[in-house]
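First up is the structure itself, then whatever we jot down about it.
Quick note: the coordinates plus some simple rules give every number you see, no bench work behind them. None of the values given here were measured: they were computed from a predicted structure. Note that each Cβ is placed from the backbone with ideal geometry, even for glycine, and that neighbours are counted across all protein chains shown.
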Amino acid sequence: MADRSIPWFMGAAIVLTLLGLYCSFFTTPDVLQDQKEYYRIIFIHVPAAWMSMWLYVIMAGWAAIGLVFNTRLSFMMATAVAPTGAIFTFLALWTGSFWGRTSWGTWWDWDPRLTFELILLFLFIGYMALHAAIDDPRRADRASALLALVGVFCIPIIYYSVQCPDPNSLNCRALHQTSSLRSIESSILISMMIMALAYWMYSFAAVLMRVRSIILEREKGNEWVSELLGRMK
Amino acid sequence: MWAVLQCMLTRDLILAIRRMSDVLTTLFFFVIVVSLFPLGIGADMDTLRAIAPGVVWVAALLASMLALGRLFNEDFADGTLEQWILTPQPLALLVLSKIVAHWLVTGVPLVLIAPLLGLQYDLPANALWILVLSLLVGTPVLSLIGAIGAALTLGLRGGGVLISLLVLPLYVPVLIFGAGVVDAGISGLDTQAHFWLMSAFLVLALVFSPLATAAALRISIE
């Protein structure tokens, strides 16, 4: 089933990305306060950040299912999600630093959201490193799954770190302020949603492709794999 | 059950005392790292005073992390760890007593020597006191969180580097508030909130870390 759906997902991803980028350049206003054209990075940055958090939660979810039900496929799904999650986290951090440079004059700022997004990147990389360091696949799966679950505390911190009870107090001066999704113009919101959908389609496609190779690699001792490969010749 | 915990604690402490060098290496690593920074950055007292909390805390983090290797590895090597998993006592409690012993041997010396290092950086007296308190509350959390990493990487080739990759991101909140409380103390701001938050970390870690470590040990031993 994955075979048949991957081209659809990839196709949807490409179409939506093109649509999203078109929208972000042509149908949205030219300036946003004093950020001029640079604010358009938001169309890549914000959906990528959303994806990074969601993919971590999904990875931890598969890890939890795998630990509870002891199913190999759940662990394989979790392992397949990790690199995509890492890519989106890196993308969010990188585009974010460009946005920060052009709009606020700084490549980096140690505000809570940014810092914990960086920690999220380290968590993804740690997951992949731990998985790669253990030879026995069963132990590798379970160990990295535990690590993924331990790191889940990061996500609420990223999400809630911008909700300050008192925006004027000294502790709450940060680069990221409370979510303003409700008050943006609809054209900007729609473009962001299209890009987010594009990223979701890409994630499905990438994860499915990856898990397909993981399954083939892990199960290569089994008959059905040799039959499949035989049929494909 | 208390007898079992006490027995384990005594055993670990006696083993640690017999191999004092392990303990002292961690301590001296801490002292050396803290002493390296003024040599590298220059001895301007104002700069040093400003960076002191961060430097001492990062050195404490690194020293804690290096000491994690001796938490489970020796017992894993001679098979005692497997026996613990097989006992009817809850593994989480056994792990907790091991972590307490580990902290007493590696964390407490750091706390005790911190005032001297603070003097090297020309910290005022009240800041020294806050530094000691912050380390006192923070180092157990470091041991607790580090134990999870140590259990996950039991017996692996990657060794110390892998454990640092796993454990340092989890240490970051403790570092932020630990160094932050000393900074606040130097500037004269209120430090209570930071201490409450760090105590919250300690309580959370005390509850969840032994469970996670026990699960990780079970995964690693199979």
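Things worth noting here:
- Considering only B:T87, B:T26, B:T106, the mean-square fluctuation computed in a Gaussian network model of chain B, springs between alpha carbons under 10 angstrom, is largest for B:T87.
- Phi angles of segment A:42-47 translate, via the Karplus equation with coefficients 6.51, -1.76, 1.60 and θ = phi - 60°, into HN-Hα couplings of 3, 5, 9, 5, 5, x Hz per residue; Gly and Pro are given as x.
- Within chain B, the whole DSSP H helices whose Cα atoms reach 30 Å or more along their own axis and whose mean Kyte-Doolittle score is at least 0.0 are B:20-41, B:45-67, B:125-152, B:160-187, B:192-221.
- Taking 0.36 nm per residue of separation and subtracting the current Cα-Cα distance, fully stretching the chain between B:E222 and B:D46 would add 58.0 nm.
- The modelled label-to-label distance between B:I14 and B:Q89, using points 7 Å beyond Cα along the C-beta direction, is 1.4 nm.
- Cα centroid of segment B:79-109 to Cα centroid of segment B:49-76, whole Å: 19 Å
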